[in-house]
Amino acid sequence: ILCGLAIFQGGFQRNAAEHIVGASLPLLATLVSKSLVRRTESGRYDLHEVIRQYAQAHLAEDSARETAIRNRHSEYYLEKLCCREKDLKSSALRETLRELTDEIDNLRAAWVWAFEHEKFATLGDAVMGFGRLFELGGWLREGIEQIEPVVQVLRRKAENAERNLVLGKALGQQALLWFRWGKFEHAMTVFDESIDLLRPLNHPAALTHSLVYGSVILHLNGDTERAQTRLHEGFECARAAHDDWFIAYALLNQGYIASLMGRYEEGYRQMMEAIVTWRKLGDPQAIALGLNFLSPTVVHLRRYAEAEANMRESLELCEQAGNRWGMGTAYRFWGLAALAQGKLDEAESLIYKSLDVLHKLSTGWDIVLCHIYLAEIKVAQKDPGEAKLIFEEAIKMGMEIQAIPLVLDALIGLAGLHAQAGENEQSLEFAICVANHPAATQEAKSRAEKLVAELTPRLSPQQIETAQVRVRQKCFDEIIGQVELGEHARAHGNWAKR
């Protein structure tokens, strides 16, 4: 029995020892009394490392027995992961996350053993819970790396329904982790591959994940039409699978898109409906997510007290669950609410808190949006030089990840600064670009149109026509290239003092 216990990694629970090795409670008590096994304050058991290594060496002498025990170990923990997946989206989330985190070393070992012995059906059953656990735990890079060998081996195998289902699900989870890491372009490529594999299989429960999460990237990158199409398909798949959690997620994003298009009351109603569903399910992570992304709409509707109350609740939920990404997001949107009310010092402090949290977890979209808010704060603080530098950095980062709506948000902010500095032709060119770009949000378009109206009396008809022609003749990258050229020129001038 002691040799069998050596296969556990990071300790074990009594039930696992009995199921996998046949170690009854009295037998464990005997081993504890002889100091061969330790019982921790939490009720878990483990072996001293020297004893574990000694027992493992003896187990290795009987390869058939070792293989049988490791098979049972892998099956037990991967089945646990599969069975607890729904609990990771419910009121049991905190308890389940603590339990699975305690078992993380056993789960890793179980995953690796199943992969090495090509138990792909078992991995396919567990991969949804695996991805969710690594997402919630913040182990994004490790999760990607653990799934990658499975993906590579399955890609080389002959196509059939079973292979495509497991590969499609694995790719969907890997794409989610890339997405949470801020690597949108790569995540979208992986989501697309997942969808292509899963769509012909008539498996709505598996397909929902990639459709809904992939649609989020599409609308964040400005491809609203495709995002809405995929969201609708994802919503219908979620309904077919009776998956209330994903029905709510699809509704949340439909509402978010409605708000981006200027339909704020409609967007508010849809997002609130999603949050109500998540409250019924009791998932604190999802509730916090909903409250966070409802915030820009609430701020636009000038319901500032509601926005701040939502962020307080979100932070409390995130702190209880150890949800660092949610905390960073809540600080950012609370900063937006403070900015809208003219509480500039508070807004700046909150954005820096957000950046401090998010820089440790993510790259890309979250960081770019924080920079845009920070630049807007600097504008309100009448610090145009610093605001301009931050807008330019946001544009540079946004172009690197092709987050075009964010680039346009920063560009209209930059256009406003050019107008303040008397650089009206440059300001007009940027404003026209934003007003006419299909990826611009309704808010950005409205700001651009307002700025064009303000600039028109300051310029001659010839200057206006020249700006319009330049925008028509240049591609978007060329217009953005002017930002970098301007940055280089100002490094040798006194623009910030104007």
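Per the conditions (1) more than 24 Å from Ala258 (Cα to Cα); (2) in contact with a Phe, Trp or Tyr (Cβ under 7 Å, 6 or more places away or on another chain), the sole criterion not satisfied by Leu339 is (1).
For segment 1-36, a residue qualifies if it is touching a His at 6+ places or on another chain (Cβ under 7 Å) and modelled with pLDDT of 90 or more, and the qualifying residues are Ile7, Ile20.
To keep it simple, each residue is scored yes or no on (1) under 23 Å from Phe293 (Cα atoms); (2) modelled with pLDDT of 95 or more; (3) touching a Ser or Thr at 6+ places or on another chain (Cβ under 6 Å).
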{"residue": "Val357", "(1), (2), (3)": "yes, no, no"}
{"residue": "Leu361", "(1), (2), (3)": "yes, no, no"}
{"residue": "Gly364", "(1), (2), (3)": "yes, no, no"}
{"residue": "Ile377", "(1), (2), (3)": "yes, yes, no"}
{"residue": "Lys382", "(1), (2), (3)": "no, yes, no"}
{"residue": "Glu386", "(1), (2), (3)": "no, yes, no"}
{"residue": "Phe391", "(1), (2), (3)": "yes, yes, no"}
{"residue": "Lys396", "(1), (2), (3)": "no, no, no"}
{"residue": "Glu400", "(1), (2), (3)": "no, no, no"}
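Across segment 438-469, which residue is farthest from the chain's Cα centre (by Cα) among those that are within 26 Å of Gln402 (Cβ to Cβ) and in contact (Cβ under 8 Å) with a residue 40 or more places away in the chain? Among residues in segment 438-469 that are within 26 Å of Gln402 (Cβ to Cβ) and in contact (Cβ under 8 Å) with a residue 40 or more places away in the chain, the one farthest from the chain's Cα centre (by Cα) is Ala467. Only residues that are in contact with a Lys or Arg (Cβ under 8 Å, 6 or more places away or on another chain) and charged (D, E, K, R) were counted across segment 304-355, and they come to 1.
Could you tell me whether any residue of segment 422-441 is in contact with a helix residue (DSSP H, G or I) (Cβ under 6 Å, 6 or more places away or on another chain), over 18 Å from Ile464 (Cα atoms), surrounded by 22 or more Cβ atoms within 10 Å (Cβ to Cβ) and hydrophobic (A, V, I, L, M, F, W, C)? The answer is yes, given that some residue of segment 422-441 is in contact with a helix residue (DSSP H, G or I) (Cβ under 6 Å, 6 or more places away or on another chain), over 18 Å from Ile464 (Cα atoms), surrounded by 22 or more Cβ atoms within 10 Å (Cβ to Cβ) and hydrophobic (A, V, I, L, M, F, W, C).
Look at segment 249-264: where a residue is touching a residue at least 24 places away in the same chain (Cβ under 8 Å) and a partner is in a helix (DSSP H, G or I) and of a type in the set (Asp, Glu), sitting 6+ places away or on another chain with Cβ atoms under 6 Å, you get Leu251/Glu273. Looking across segment 143-174, the residues that are within 17 Å of Glu118 (Cβ to Cβ) and of a type in the set (Asp, Glu) come down to Glu148, Glu159, Glu162. For Gly138, the test of being in contact (Cβ under 8 Å) with a residue 60 or more places away in the chain, within 18 Å of the chain's Cα centre (by Cα) and more than 24 Å from Arg70 (Cβ to Cβ) is passed. In segment 219-260, the residue that is surrounded by the fewest Cβ atoms within 10 Å (Cβ to Cβ) out of those that are farther than 13 Å from Ala274 by Cα and small (Gly, Ala, Ser) is Ala240. The criterion of at least 1 residues that are touching a Phe, Trp or Tyr at 6+ places or on another chain (Cβ under 6 Å), at pLDDT below 95 and surrounded by fewer than 24 Cβ atoms within 10 Å (Cβ to Cβ) is met by the following helices (runs of 4 or more DSSP H) wholly inside segment 115-186: 140-156.
The values are calculated or read from the model by the stated rules, or taken from the named source; none is laboratory data. Small disclaimer: the values here were computed from a predicted structure and weren't measured. Every residue, glycine among them, receives a Cβ derived from its backbone with ideal geometry; neighbour counts consider all protein chains shown.
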